[in-house]
1. Rounded, prolate or oblate: which one fits the stretch 148-272, using the alpha carbon gyration tensor with axes a ≥ b ≥ c (rounded when a/c is under 1.5, else prolate when a/b beats b/c, else oblate)?
2. Would you tally the net charge around residue 223, using a Cβ to Cβ cut-off of less than 11 Å, leaving residue 223 out, and scoring K and R as +1, D and E as -1?
3. For residue 217, list long-range residues whose amide hydrogen, built 1.01 Å from N in the peptide plane, is under 5 Å from its own amide hydrogen.
4. Need one number: nm distance between label points at residue 213 and residue 129, each 7 Å from Cα along Cα→Cβ, rounded to one decimal.
5. Taking the stretch 180-227 on its own, what percent of its Cα-Cα pair distances exceed 17 Å?
6. May I ask you to evaluate 6.51 cos²θ - 1.76 cosθ + 1.60, the Karplus curve with θ = phi - 60°, for each residue of the stretch 221-230 and list the ³J(HN,Hα) values in order in whole Hz, giving x for glycine and proline?
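Since every read-out is calculated from the coordinates, none of them should be taken as a lab result. The shown structure was predicted, so the numbers you read here are calculated from the model rather than taken from an experiment. Don't worry about glycine lacking a Cβ; one is built from the backbone with ideal geometry, like all the others, and counts go over all protein chains shown.
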Amino acid sequence: MRQRNSAKAVVATHVKICNPCGGGIVLAGLLGAIALALEGILFWVLQEWSMDTDRLRHPVMGYVITALRLWGKHISGPALAVVAIVLAFAYAHYANEPTATALVAKYGALVTGIAAVCLMFVAQYGAWKGEHDERIKAQSALDTKADIRGTIWVNIPQYNPLQDQNKDGSALRLKCRCVNHGHRSCQISRFRLVVSGTDLNDVRMERPLPMSFVQTVGYGEQFVCEAGPYTIHDVGLTQLNCSAITIHLMDSLGTEYTNTDTRVIAWPKEFDRL
């Protein structure tokens, strides 16, 4: 009888010990399910928020949201899924061993935390790489176009070229030395003149270049031209001398190349020496 009673006491004690452990496992499982649900809600919010990332004007905020979105993808991806599967098998295997279960929970949390931190660095790299690739793509798109750069010199002859001297008129000569920095060739055939002054409205006109200077300019090739004088109607000599003059070269398709610098040379001899 004493042996039976002692055996019953051992069984009862074992049941009392195992029951709390079983309750702890259930509680841990419940908390894990809640955590996964909250994680899913959080990442859904990040995904919805990330739809407006491109509309954000502040680059830092856009970078932060992009990094969080990528982190959400990584942390809900295969990396932590493998960790979760391994931990599930470990919990099932050590379900009746409280000490082993506690160790599995401890080291499982440690591994999960380390993985989450490492994935944040991976997400930051992904955000940087995405911005870098977009910048390279945009630069490549620009490089596929013709890009005429250089200097255009202008000289203003100090006389009225019109036969009727009672009408306002003036003229200019131009020289240019430019280079095509783009990776696409273009045929330079015209130029656009803009005269801006305080006492007159902006005067805009297009003029063809002499046929002897019309040429196709490839990548890295130079375009040199000398033309004029070109008559400007309704703009007096005094007005032209006091105005800002801008000249841009144009190709046969009508594309205007605005990366040139216009400089006015007052002395004719200095202009002729260029």
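1. prolate
2. The answer is 0.
3. 186, 187, 188
4. 5.1 nm
5. Looking at the stretch 180-227, the distances longer than 17 Å represent 49 percent of pairs.
6. Computed from phi, the couplings for the stretch 221-230 are 8, 9, 10, 10, 8, 9, 8, x, x, 9 Hz.
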